[in-house]
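Chemist: Let me give you the structure first, and then I'll get to my questions.
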Amino acid sequence: MEYQFPEHWIPILGERIQNVHLKEWDRRSREFGLQAFRTLLDGTTNWPAVIAELERIGYGGYLTFEYFHPFEHYPKALIYQTSDALDWILGRKT
């Protein structure tokens, strides 16, 4: 997201996409480093647009979650937060 929005890259790369790594970045931070990465849904990624573009190109591969900062006191809580966020992103919750 430092150079462009992910929903713009998906149609360009199309069938060459073999695996998708989901991560959240906050463009409002104006810096590109590990601290700019956020938990899913806590950034500026347009997830509805990303998922729509993945569906449009017929992507059926894996989605891998990446995160660099586990919760300090309750690191296992990240599992539940990520699961819930993915339910929203993938349309399992409305």
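Chemist: Just for the stretch 40-57: of the residues that are within 17 Å of Gly91 (Cβ to Cβ) and without any contact (Cβ under 8 Å) to a residue 24 or more places away in the chain, which one is most open to solvent (accessible area, probe 1.4 Å)?
Modeler: The extreme case among them is Glu55.
Chemist: Could you check the stretch 64-77 and list, in sequence order, the residues that are touching a residue at least 24 places away in the same chain (Cβ under 8 Å) and either touching a Ser or Thr at 6+ places or on another chain (Cβ under 7 Å) or open to solvent by 70 Å² or more (accessible area, probe 1.4 Å) (or both)?
Modeler: Within the stretch 64-77, Phe65, Tyr67, Phe68 meet the criteria.
Chemist: Could you check how many residues of the stretch 11-39 are surrounded by 13 or more Cβ atoms within 10 Å (Cβ to Cβ) and among the acidic types (Asp, Glu)?
Modeler: Count: 2.
The values are calculated or read from the model by the stated rules, or taken from the named source; none is laboratory data. Since this is a predicted model, take the numbers as computed values, not measurements. Every residue, glycine among them, receives a Cβ derived from its backbone with ideal geometry; neighbour counts consider all protein chains shown. Heavy atoms of the whole protein, side chains included, go into the accessibility calculation; ligands, DNA and RNA do not. Shrake-Rupley method; radii C 1.70, N 1.55, O 1.52, S 1.80 Å.
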